[in-house]
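Written out below as C-alpha cells is the structure these notes cover.
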Amino acid sequence: MTILREQKMTFRQNSTVRRLASVAVFLTLPACGAPDEGTEEQPLLTVSTRLASQTDHYEIERRYTGVLKARREAELGAEVDARIEAILVAEGETVIADQPLARLDTSRRLARKTELEATGAELQATLDEMLNGTRDEVLDAARARVTMLAAERDLAELQRDRRAELEASESGSQAELDEAETRLQTVTAQLAEARAQLLEFENGVRAEVIAAQRARVRANEAAVAAQQLEIDKSTLLAPFPGRVAARLMDEGRVVMAGTPILRLSESGCLEAWVGVPPDVAQAIESGTAPDFRVGEESLRTSSIRVLPELDADTRTVTVIAELEPEQSQTLRAGQIVRLAWTRRVESEGFWLPHTALTESARGLWSIRLCRPIESSAGRHGSVERGQVEVLYTEGDRAFVRGTLVDGDRVIDSGLHRIADDQTVQWIEQGEL
C-alpha cells in the first residue's frame, strides 16, 4: 500500500533534519585514529529501543462529513388566492400541530357563501312545494271551473242544435248557425284544458321534475360547501409540531395559491445525513453499526436507513440516522456531523513510531536494529540497518513490513546520532 503524499513528505523532512544533524555531530567530533596516550575511553552512546511485536492486521479509520437535518421541514403556503390579513407567529417561535399560523382575508368568500345560501333556500322551497302537492283550495277552484265549463258546453251545444233547426226551416240564417258552432267548439276546448289541469293537480308533479329539482338543490349545497372549504383554508395551520424557521411574507401582501408564507422545521426530531462510499453503505446495510459524532459527542441513534440510489454529484450513498428524542433537544439542524468508520485490513506487519524511520531508496524506509552483544557486560549492542515498506500511517506511527521479525529490538529515536555497526548501550522502552 502506498503511503499518503503528506506523510511521505513528513518522513523526508525528518530524514533531512537527521542527516544535517549527523553532519553537525560529525564535524564536532575529534579526528579519527588511535586515542592519545593518557586519554580516557569514551562512554558508549545510549539509545532507546523497543521490542517489535508482529500483528496480523491493522485498522484504517475514515471519517465522512454530513449534516444534521430536521426530520420534517416544510414551506407553508395558502391554498387559495387572497390577501394576507395577519401573521400569527414570529421566527423562532415553537408551535404545536394544527395551531393557526396565518390568516387570509375572507370577506369576498363570505359574501359569496351568503348568496349561495339564499339561492339554496329558494330551490329547497320549490322542491318542498313539489313534494307536498297542490293545496285543497286550488283543487276546489279547478273542479269548479271544470263544472262551469261543462255547463257552458251543454248550453252551447243546445244553442247550436236550435240554430240548426231554424236554418233547416229557413227561419234562421247560416251565420247564426256558424256562430253557435264556433261557440260550442271554444267551450269544448276550454273544458278539455280545465280537466287536464285538474288531473295534473290531482296527480301531483312528475317524478322526473322532482328529481331534477333535487339535483339543483344538491348542486347548490356543494357550492356552499366548497365556499366554506375555501374560507377554512384561509387559515394556515401547522401540519406538525416544530419551530418557525423563517417568515417569508408580511401582512397586506396578496398571494397566489401555493405561495410560501412561512417555513416550519420540526423540533425534537433530528436526522444525520452523511454520504459514504458504496462499500461502506453496503456494510451498514448488513448490520455494521457506524459511529456518528458531533464534535466529540457521540450520537445515540434509534434507526439507520440507507438510500437506494447513488448521488449523481458526490458519487456517494446517503446514510440517514435518526437521533433519539432526548439528544435531538440539545442539538440543532445544520450542525456538522461525522461518521467514523473503521476497516480491518488483514496483513502481517509491525507498528513503528515515525521517529524510528528514515527515508531510503525505491520507496522503502530504513530502520536501525540493536543486536545485543552476548559477551559484553551490561546492555550493549551493535547497530544494524534494516529495510521496511510502509503500508499505513496513523498519527505518529506507521504499520510496516520488511526485514523485521518478531522480537527484534528497534531503535525508536535519535537515529541521526548513530551509524551502522556502531556499538551502543540500549535502554528498553517497552514492547510495541
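The values are calculated or read from the model by the stated rules, or taken from the named source; none is laboratory data. Remember, it's a predicted structure, so these values are computed and weren't measured experimentally. A quick note on method: Cβ atoms are made from the backbone with ideal geometry, for glycine too, and the neighbour counts reach across all protein chains shown. Areas reflect the complete protein model, heavy atoms only, side chains present, ligands, DNA and RNA absent. Shrake-Rupley method; radii C 1.70, N 1.55, O 1.52, S 1.80 Å.
Out of Leu264, Leu248, which single residue is open to solvent by 60 Å² or more (accessible area, probe 1.4 Å), closer than 29 Å to Ile320 by Cβ and touching a Pro at 6+ places or on another chain (Cβ under 9 Å)? Working first, answer last.
On the way: Leu264 fails: open to solvent by 60 Å² or more (accessible area, probe 1.4 Å).
The match here is Leu248.
Does Phe201 meet the test of being aromatic (Phe, Trp, Tyr) and in a loop (DSSP other than H, G, I, E, B)?
On the way: aromatic (Phe, Trp, Tyr): yes; in a loop (DSSP other than H, G, I, E, B): no.
Answer is no for this residue.
Return the total of residues in the range 70-126 being aliphatic (A, V, I, L, M), assigned to a helix (DSSP H, G or I) and either closer than 19 Å to Ser234 by Cα or in contact (Cβ under 8 Å) with a residue 24 or more places away in the chain (or both). Give the steps one after another, and end with the answer.
Within the range 70-126, the subset aliphatic (A, V, I, L, M) is 70, 74, 76, 78, 80, 82, 84, 86-90, 95-97, 101-102, 104, 110-111, 116, 118, 121, 123, 125.
Now narrow it down to the ones that are assigned to a helix (DSSP H, G or I): 110-111, 116, 118, 121, 123, 125.
The next check asks that each one be either closer than 19 Å to Ser234 by Cα or in contact (Cβ under 8 Å) with a residue 24 or more places away in the chain (or both); those that pass are 110-111, 116, 123.
Summing the residues that are aliphatic (A, V, I, L, M), assigned to a helix (DSSP H, G or I) and either closer than 19 Å to Ser234 by Cα or in contact (Cβ under 8 Å) with a residue 24 or more places away in the chain (or both) in the range 70-126 gives 4.
Among all residue pairs at least 6 apart or on different chains, which show Cβ distances below 6 Å where the first residue, located in the range 177-202, is under 27 Å from Asp161 (Cβ atoms) and the second is surrounded by 17 or more Cβ atoms within 10 Å (Cβ to Cβ) and of a type in the set (A, V, I, L, M)?
Listed pairs, sorted by first residue: Arg183/Ala156; Leu184/Ala156; Val187/Ala156; Gln190/Leu149; Leu191/Leu149; Ala194/Val146; Ala194/Leu149; Arg195/Val146.
With respect to Ala207, is the statement that it is of a type outside the set (Ser, Thr, Tyr) and touching a helix residue (DSSP H, G or I) at 6+ places or on another chain (Cβ under 9 Å) true?
Values: of a type outside the set (Ser, Thr, Tyr): yes; touching a helix residue (DSSP H, G or I) at 6+ places or on another chain (Cβ under 9 Å): no.
No: the conditions fail for Ala207.
Quick check on the range 318-341: of everything there that is in contact with a Pro (Cβ under 9 Å, 6 or more places away or on another chain) and within 24 Å of Thr393 (Cα to Cα), which residue is least open to solvent (accessible area, probe 1.4 Å)?
Here is the first cut: in the range 318-341, the residues in contact with a Pro (Cβ under 9 Å, 6 or more places away or on another chain) are 319, 321, 339-341.
Now restrict to residues that are within 24 Å of Thr393 (Cα to Cα): 339-341.
On the way: Leu339: 0, Ala340: 16, Trp341: 32 Å².
Only one residue fits best here, namely Leu339.
Within the range 127-178, work out how many residues are of a type in the set (Ser, Thr, Tyr), in a helix (DSSP H, G or I) and in contact with a Gly (Cβ under 8 Å, 6 or more places away or on another chain).
Our first condition is that a residue be of a type in the set (Ser, Thr, Tyr); within the range 127-178, this holds for 134, 147, 169, 171, 173.
Okay, now just the ones that are also in a helix (DSSP H, G or I), so 147.
Still in the running and in contact with a Gly (Cβ under 8 Å, 6 or more places away or on another chain): none.
Residues meeting the conditions: 0.
Got at least one residue in the range 165-175 being more than 27 Å from Leu131 (Cβ to Cβ), touching a Cys at 6+ places or on another chain (Cβ under 9 Å) and surrounded by 13 or more Cβ atoms within 10 Å (Cβ to Cβ)?
Quick first cut of the range 165-175, residues more than 27 Å from Leu131 (Cβ to Cβ) only: 165-175.
Next cut, touching a Cys at 6+ places or on another chain (Cβ under 9 Å) only: none.
Scanning the range 165-175 turns up no residue that is more than 27 Å from Leu131 (Cβ to Cβ), touching a Cys at 6+ places or on another chain (Cβ under 9 Å) and surrounded by 13 or more Cβ atoms within 10 Å (Cβ to Cβ).
Kindly provide the set of residues from the range 294-315 that are out of contact with any helix residue (DSSP H, G or I) (no Cβ under 8 Å at 6 or more places or on another chain) and open to solvent by less than 70 Å² (accessible area, probe 1.4 Å), ordered by number.
Within the range 294-315, Val294, Gly295, Ser298, Thr301, Ser303, Leu307, Asp311 qualify.
Out of all the residues in the range 226-240, which are open to solvent by less than 60 Å² (accessible area, probe 1.4 Å) and either over 15 Å from Glu79 (Cβ atoms) or not in a strand (DSSP E or B) (or both)?
So in the range 226-240, the residues open to solvent by less than 60 Å² (accessible area, probe 1.4 Å) come out as 226-228, 231, 234-236, 238, 240.
Listed by number, the residues that qualify are Ala226, Gln227, Gln228, Ile231, Ser234, Ala238, Phe240.
Can you give me the number of residues within the range 266-312 that are touching a residue at least 12 places away in the same chain (Cβ under 8 Å) and of a type in the set (Ser, Thr, Tyr)?
4
For the range 325-342, give me the residue count where each residue is of a type in the set (Ser, Thr, Tyr) and either over 17 Å from Arg300 (Cβ atoms) or not in a loop (DSSP other than H, G, I, E, B) (or both). Reasoning before the result, please.
Applying the first criterion (of a type in the set (Ser, Thr, Tyr)) to the range 325-342 yields 328, 330, 342.
In the following step, the residues that additionally are either over 17 Å from Arg300 (Cβ atoms) or not in a loop (DSSP other than H, G, I, E, B) (or both) were identified as 328, 342.
The qualifying residues number 2.
Return yes or no: is Glu73 under 22 Å from Met249 (Cα atoms), surrounded by fewer than 16 Cβ atoms within 10 Å (Cβ to Cβ) and modelled with pLDDT under 95?
So Glu73 fits the description; yes.
Between residues in the range 142-170 that are without any contact (Cβ under 8 Å) to a residue 12 or more places away in the chain and residues that are open to solvent by less than 70 Å² (accessible area, probe 1.4 Å) and among the polar types (S, T, N, Q), which pairs lie under 8 Å by C-beta distance while being six or more apart or on different chains?
Sorted first by the residue in the range 142-170, then by its partner, the pairs are Glu167/Ser173.
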